[in-house]
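Read-outs throughout are calculated quantities, based only on the coordinates presented, and are distinct from any laboratory measurement. The model shown is predicted, which means the values in this text are computed figures rather than measured ones. Positions of Cβ are backbone-derived with ideal geometry, glycine not excepted, and every protein chain shown enters the neighbour counts.
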Amino acid sequence: MLRALASLFFYARFYGQFSVAGLRRRRADWVDYDQDLSGQTWLITGASGGIGRAIALQAHARGATVLAAARNRQKLDALRADAGNSERFEVLPVDFSLLVHTRRFAAKVIGRSSPITVLVNNVGVLLNQYQRTAEGLESSLASNLLSHYLLTETLVEAGAIDPDGVIINMSSGGMYGAALDLKALTPDPAAYDGMAAYAQHKRAQVELTRHWNQQWQGHPKVHVMHPGWVDTEGVQSSLPWFRATLQSRLRTAADAADTALWLGSTRPPPAAAGIWLDRVLDDEHAFAFTRKPAPSAKDLAEFLRAHSQLA
């Protein structure tokens, strides 16, 4: 009962921002920008469906060379067909829930002749039941956070990302309901709460963005965004009640892709705080309890470095 009331309050609080109504309101203030991505290389994880798929297709349509990475080879092949089987569109099967696969994938990217211009850390899952990978890690933590950290750190350290390029971390509005808690990132299987775990991962992405901007001083730039409420396959499978209630007010995947494409094209300076939505940098906190003393961005980075080396 308490969870239902809290959810109702949360959705009522953010409906005006995260629904399609919020997008339409902010879209009225948008200005035109140069959308030509010719000569750029975009690497998008979780690209076989939903928001990642939309980013991949739109970046390619604007002239970029696209590397689309995801687990499902059949969906990747369908994606490449939708891109016209272009020579500028490459599909790369990889399971980001396994760190050994993430390392192998990073090595392939490092071996390319040209650096990545824009990396979109988009892969993410919300699991309703606790799952452990073959490497002994909680599956959603590995997919949503450890793979992002391992891939990005490896590519930047190897010089495989253009120093003037952009890294975009795809968070979620759900992070507004969580204060970062490192202990909560490794939950007790018997008490696992998929929504709470997902919110922690997405809050951690905000802090990780802060750490990387402190570490790399804008070379490359790092941004964190969230797409609002989007009608994707993931929402349909993980949050069917949410979709059934708000389906007519959810955004499309193409709507959700806009901010990532705008960030990758305009490359605003890294922000000390905040999270992007609809080309606007919003406050990263909406409730006082998420501002309480919490682990620092450095503490989080140390946690991720230690856990990404377990396998």
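Points worth noting:
- In the chain, the DSSP beta bridges split such that about 15 percent are antiparallel, to the nearest 5.
- Formal net charge of residues neighbouring HIS226 (Cβ-Cβ distance under 12 Å; K, R +1; D, E -1): 0
- Note on the range 127-217: Cα convex hull, mean projected area over all directions, 6.6 nm².
- Ranked by how many other beta carbons lie within 10 Å on average, peptides 280-287, 74-81 from highest: 74-81, 280-287
- Largest GNM mean-square fluctuation among TYR149, TYR15, TYR33, using the chain with Cα springs under 10 Å: TYR33.
- Residue-averaged [θ]222 nm for the chain, counting only DSSP H segments that reach four residues, each worth -39500 (n - 2.57): -13000 deg cm²/dmol
- Beta bridge orientation in the range 138-293: antiparallel %, DSSP, nearest 5: 30
- Note on the chain: with charges restricted to the Cβ of Lys and Arg (+1) and Asp and Glu (-1), its dipole about the Cα centre is near 400 debye.
- Between ASP36 and ASP82, the FRET efficiency estimated from the beta carbon spacing at R0 = 25 angstrom works out to 0.75.
- Computed 3J(HN,Hα) for the range 69-83, one whole-Hz value per residue from the Karplus formula 6.51 cos²θ - 1.76 cosθ + 1.60 where θ = phi - 60°, is 10, 6, 7, 8, 5, 4, 5, 5, 5, 5, 5, 5, 4, 5, 8, glycine and proline marked x.
- With the gyration tensor restricted to C-alpha atoms of the range 15-64, the semi-axes of the equivalent ellipsoid amount to 25, 17, 7 Å, longest first.
- The range 37-63 versus the range 89-149: alpha-carbon centroid distance in Å: 17
- Selection from LEU281, SER48, LEU263, by position along the positive dipole direction of the range 33-308 (Cβ): SER48
- Out of every Cα-Cα pair that the range 42-97 contains, those further apart than 12 angstrom amount to 55 percent.
- The chain - percent relative contact order, Cα under 8 Å, separation 6 or more: 20
- Counted by Cβ distance under 15 Å from GLU157, the other residues give a net charge of 0, where Lys and Arg count +1 and Asp and Glu count -1.
- Charge context of ARG267, other residues only, Cβ under 14 angstrom, K/R +1, D/E -1: -2
- The equivalent ellipsoid that matches the C-alpha gyration tensor of the chain spans semi-axes of 27, 23, 20 angstrom, in descending order.
- Dimensionless Rg ratio for the range 1-144, taking C-alpha atoms and the 2.2 N^0.38 Å reference: 1.26
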